[in-house]
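The values are calculated or read from the model by the stated rules, or taken from the named source; none is laboratory data. If you're wondering where the values come from, they're calculated on a predicted model, not measured in any experiment. Please note: Cβ atoms are built from the backbone with ideal geometry, for glycine as well, and neighbour counts cover all protein chains shown. Just so you know, the surface numbers come from the protein's heavy atoms only, side chains and all, with ligands and any DNA or RNA stripped out. Shrake-Rupley method; radii C 1.70, N 1.55, O 1.52, S 1.80 Å.
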Amino acid sequence: MSRTRSRLHLALAGIAVAALALTGCATGSGDTDTGSDASSAPADEGYITPGKLTIATGEPAYYPYVIDDDPASGEGFEAAVAYAVAEELGFAPEDVEWVRTTFEAAIAPGPKDFDINIQQYSITPERAENVDFSSPYYAASQAIVAIEGNEAAEGVTSLADTKGLLLGAMVGSTSAQTIEEVVQPDTPAQLYNTNEDAKAALEAGQIDGLVLDTPTAYYATGVYIDNSFIVGELPTAGIPDEWGLVLAKDSPLTEQVTAAVDALRENGTLEAITQEWLGEGAGVTLLE
C-alpha cells in the first residue's frame with residue numbers, strides 16, 4: 001500500500017520489479033479501504049485496487065515497446081513510460097500491477113479492469129466516444145514495409161506511386177485510416193485483426209506493403225520480417241497520430257493522469273525515454 005516517489009531512472013536502469021497477480025474486474029468507482037492511513041485514502045479513490053496502479057498492455061507486448069513481453073521489467077518504451085507515469089502519480093514500482101487486454105477490447109464501451117492501458121493507442125474522436133485518453137505521450141508517423149523483390153514496392157518514389165500498391169493494415173488502426181485518407185489507393189486496403197495476420201499476408205505475397213507506425217516499421221524490418229525494407233514514410237495529411245493512455249470513459253483518474261503525462265513532457269522525461277528506446281532511426285524517404 002505504500003507510495004513513494006523514487007526516480008524514473010531506476011526503472012530505465014532495468015530494475016526488475018515483482019510480477020504481481022492479475023486483478024479482477026471492478027467498476028472503477030471509489031471503493032474505500034480504511035486499513036490505510038487517513039492521508040492516503042482520498043488518493044485511492046477511482047483506482048481499481050486501492051493502493052495499486054493497474055496498468056494494461058497487449059498480449060503479447062512487443063519490442064521496442066516492452067522488452068521480452070515483460071512490462072514489469074520497466075524496459076521498453078511503453079513500459080518505461082508506464083512506470084514514469086506511475087511515479088508521477090505517487091506509486092512505487094512494487095505498487096504497479098499489470099494486466100493484459102486485446103487492442104479492440106480496451107477501447108470498446110464498458111467497464112475496464114485497468115486504471116490505464118498503454119498499447120500505442122492513437123487518440124481519435126471515434127475512440128474518445130468510448131474511452132478517455134490522457135494527453136499524448138508520443139507522436140508517430142506511418143510508414144510502408146515491403147518484402148525485397150516486390151517490384152511494385154521497390155519502384156515507389158512518391159506518394160502517387162503508392163496508389164497502385166495493394167496495402168494492408170490492422171483493422172481500426174491509424175495505419176488503416178492513413179491508407180484510406182492519405183494514400184487513397186486504387187484497390188481498397190486489406191484489413192486484418194492483428195498485425196501478426198497482416199505480417200503473414202505480407203510474407204505470403206498477398207499484399208505489396210504493410211503500413212505500420214514508423215518505430216514499429218524500423219523494428220519489423222530489422223528484426224521480425226525477413227528480407228524487408230521501409231518503402232517510405234507517409235505524410236500525416238491532417239491525421240495526427242498521437243498516442244495516449246486509455247482510461248475508462250469518464251474515469252475520475254483522467255485529469256490526474258493527463259497532468260502526470262504533461263509533467264513528464266515538460267521536464268524532459270518523455271523525450272529521454274523516447275531517445276532511450278526509440279532513438280533516431282536511419283532516415284527514410286518521405287513520400288510526397
| query | In the range 164-186, what residues are open to solvent by 70 Å² or more (accessible area, probe 1.4 Å) and either touching a helix residue (DSSP H, G or I) at 6+ places or on another chain (Cβ under 8 Å) or not in a helix (DSSP H, G or I) (or both)? | reply | GLN184, ASP186
| query | Which of the residues spanning the range 117-142 are part of a loop (DSSP other than H, G, I, E, B) and either open to solvent by less than 40 Å² (accessible area, probe 1.4 Å) or charged (D, E, K, R) (or both)? | reply | ILE118, GLN119, TYR121, THR124, GLU129, SER134, SER135, PRO136, TYR137, ALA140, SER141
| Filtered residue count, the range 72-116, keeping only those that are in contact (Cβ under 8 Å) with a residue 60 or more places away in the chain, under 14 Å from TYR47 (Cβ atoms) and assigned to a helix (DSSP H, G or I) | 3
| Index of the failed condition, LEU245 passing every other in (1) open to solvent by 20 Å² or more (accessible area, probe 1.4 Å); (2) of a type outside the set (Gly, Ala, Ser); (3) touching a strand residue (DSSP E or B) at 6+ places or on another chain (Cβ under 6 Å) | (1)
| request: Report, by residue number, each residue of the range 139-159 that is over 13 Å from VAL231 (Cα atoms) and either out of contact with any strand residue (DSSP E or B) (no Cβ under 6 Å at 6 or more places or on another chain) or of a type in the set (A, V, I, L, M) (or both). | output: ALA139, ALA140
| said: When you check LEU202 against the structure, is it open to solvent by less than 10 Å² (accessible area, probe 1.4 Å) and either touching a residue at least 40 places away in the same chain (Cβ under 8 Å) or aliphatic (A, V, I, L, M) (or both), yes or no? | reply: yes
| task | Just need a number here: residues in the range 203-226 that are of a type outside the set (Asp, Glu), in contact with a helix residue (DSSP H, G or I) (Cβ under 9 Å, 6 or more places away or on another chain) and either at pLDDT 90 or above or part of a loop (DSSP other than H, G, I, E, B) (or both). | result | 7
